[in-house]
Amino acid sequence: MTERTTVHFLRHGEVHNPTGVLYGRLPGFKLSTLGEQMAEAVAKSLVGRDITHVVSSPLDRAVQTAQPSATALGLPIETDLRLIESENWFEGRSVGFGPRTWPKLINPFRPSWGEPYKHIAQRMRDALHDIRDAARGHEALAVSHQLPIWELRLFLTGRPLWHDPRKRQCALASLTSFRYEGTSLVGIDYSEPAAHLGPGKGLGA
């Protein structure tokens, strides 16, 4: 009988970001009070699931989001650098248009402002395969960030990696679940266990 494995990719919860900068990989950006509530809501939704492996991006907001679920499941949190947010020239800045930024915006297909989409997708795919193998026959939870999760989904479904950021289906504290039979991807599911807490569609990292 073919082993069935599911890897749930969880986008972190809302981040405390009073100055409205693109925080990217900067340290010190933690969950807001609402973000903490989102993480708890996800943990409650996962109780009873056959999750045997929890892994997270090393950034504070991701590890914080993973913690309630790991505690509820009685599992440690492993960190994987491949799950980290994408590199971005605008990190620490408010995104705006002007002579200094034009060269960074000239090629949205690569994109010219940061880490190439193909590189993001490939590192996320490699991480997914390792997480799948570690949880073979069971389920795993991996906490990451909006753009990497969306690029992974586009890549695995054969769609172009460039896209309109406003159309990403990857809300705050949402789950994008990749279902496998053996090593064959057989389905992708999407859910928002924290949707009842309020807006989660923001494009924060």
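The values are calculated or read from the model by the stated rules, or taken from the named source; none is laboratory data. Everything numeric here is computed off the predicted structure, so don't read it as measured data. Here Cβ is always computed from backbone atoms with ideal geometry, including for glycine, and neighbour counts include all displayed protein chains. Just so you know, the surface numbers come from the protein's heavy atoms only, side chains and all, with ligands and any DNA or RNA stripped out. Shrake-Rupley method; radii C 1.70, N 1.55, O 1.52, S 1.80 Å.
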_Scope the stretch 109-150; condition over 21 Å from GLY13 (Cα atoms) and touching a His at 6+ places or on another chain (Cβ under 6 Å); matching residues_ = ALA134, ALA135
*asked:* So the check is Cβ under 7 Å with 6+ separation or different chains; which pairs have a first residue in the stretch 15-40 that's outside any helix (DSSP H, G or I) and a second one that's open to solvent by less than 30 Å² (accessible area, probe 1.4 Å) and among the aromatic types (Phe, Trp, Tyr)?
replied: VAL15/TYR23; ASN17/TYR23; LEU22/PHE90; PHE29/TYR23
_Count of residues meeting criterion [of a type outside the set (Val, Ile, Thr), open to solvent by less than 10 Å² (accessible area, probe 1.4 Å) and at negative phi] in the stretch 9-45_ = 9
_Answer residue from the stretch 144-182, given it is basic (Lys, Arg) and touching a residue at least 12 places away in the same chain (Cβ under 8 Å) and is surrounded by the most Cβ atoms within 10 Å (Cβ to Cβ) among those_ = ARG153
*For VAL54, all conditions in the list (1) at pLDDT 95 or above; (2) of a type in the set (A, V, I, L, M); (3) closer than 23 Å to LYS30 by Cα; (4) surrounded by fewer than 20 Cβ atoms within 10 Å (Cβ to Cβ) hold save one; what is the number of the exception?*
(4)
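Against the definition (part of a loop (DSSP other than H, G, I, E, B), among the hydrophobic types (A, V, I, L, M, F, W, C) and open to solvent by less than 60 Å² (accessible area, probe 1.4 Å)), how does LEU141 come out, yes or no? Step through it out loud before you land on a result.
On the way: part of a loop (DSSP other than H, G, I, E, B): no; among the hydrophobic types (A, V, I, L, M, F, W, C): yes; open to solvent by less than 60 Å² (accessible area, probe 1.4 Å): yes.
Considered against the rule, which asks whether it is part of a loop (DSSP other than H, G, I, E, B), among the hydrophobic types (A, V, I, L, M, F, W, C) and open to solvent by less than 60 Å² (accessible area, probe 1.4 Å), LEU141 comes out as no.
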_Enumeration of residues in the stretch 183-205 that are open to solvent by less than 40 Å² (accessible area, probe 1.4 Å), modelled with pLDDT of 95 or more and assigned to a loop (DSSP other than H, G, I, E, B)_ = PRO193, ALA194
